[in-house]
Amino acid sequence: VVTGCQVDNPLGYAKDNDNKDVAIPSAYFKALVGYHKSQSVLGVSSSRGSYAGIAFWFSHSSSGSDYMAGKMTIDQLEEKLGYDLFVNLPSVVGEDKADEIESSIDQWWTKH
């Protein structure tokens, strides 16, 4: 799980306990790679089990509880952020499988 915030275009600033300006994030994100020891997900499996990925982007100004509205692939989130979130994944499952995990959203995420 990777969690973070986007502060490139802050919504404003707040003061911390030392009276220093702290940027108010414009958005938050979360990326997950799930591991299923005995279940095949996306047909991606290795001797260690199966993997699936998903990411989310939440605008700070949005409201509501439908977190699935912000779902996207890990690749889409990485493109938005400009960096790689799971740099070690290819060494675990191989380059092709890592690409598959990061470029699709399996139904497993929406069923559980």
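The values are calculated or read from the model by the stated rules, or taken from the named source; none is laboratory data. Because the structure is predicted, anything quoted here is derived from the model rather than measured. All Cβ positions, glycine included, derive from the backbone under ideal geometry; neighbour counts span all protein chains shown. These area figures cover heavy atoms from the full protein model, side chains too; ligands, DNA and RNA do not enter into them. Shrake-Rupley method; radii C 1.70, N 1.55, O 1.52, S 1.80 Å.
What is the number of the single condition among (1) touching a helix residue (DSSP H, G or I) at 6+ places or on another chain (Cβ under 8 Å); (2) at pLDDT below 95; (3) part of a loop (DSSP other than H, G, I, E, B) that S38 does not meet?
(1)
Look through the range 77-107, keep the residues that are of a type in the set (A, V, I, L, M) and crowded, with 17+ Cβ neighbours inside 10 Å, and return whichever of them is farthest from the chain's Cα centre (by Cα).
Selected residue: V93.
Of (1) on the phi < 0 side of the Ramachandran plot; (2) in contact with a helix residue (DSSP H, G or I) (Cβ under 9 Å, 6 or more places away or on another chain); (3) at pLDDT below 85, G43 satisfies all except one. Which?
(1)
Would you say A27 is crowded, with 18+ Cβ neighbours inside 10 Å, out of contact with any Cys (no Cβ under 8 Å at 6 or more places or on another chain), under 22 Å from S103 (Cβ atoms) and modelled with pLDDT of 90 or more?
When the stated conditions are applied, A27 does not pass them.
Condition test on T110, is it open to solvent by 30 Å² or more (accessible area, probe 1.4 Å), outside any loop (DSSP other than H, G, I, E, B) and modelled with pLDDT of 95 or more?
Answer is no for this residue.
I'd like the full set of residues that are open to solvent by 100 Å² or more (accessible area, probe 1.4 Å) and either hydroxyl-bearing (S, T, Y) or assigned to a strand (DSSP E or B) (or both), limited to the range 1-17.
Y13, K15
So in the range 50-68, with the set limited to residues that are surrounded by fewer than 22 Cβ atoms within 10 Å (Cβ to Cβ) and at pLDDT 90 or above, which one is nearest to I24 (Cα to Cα)?
F58
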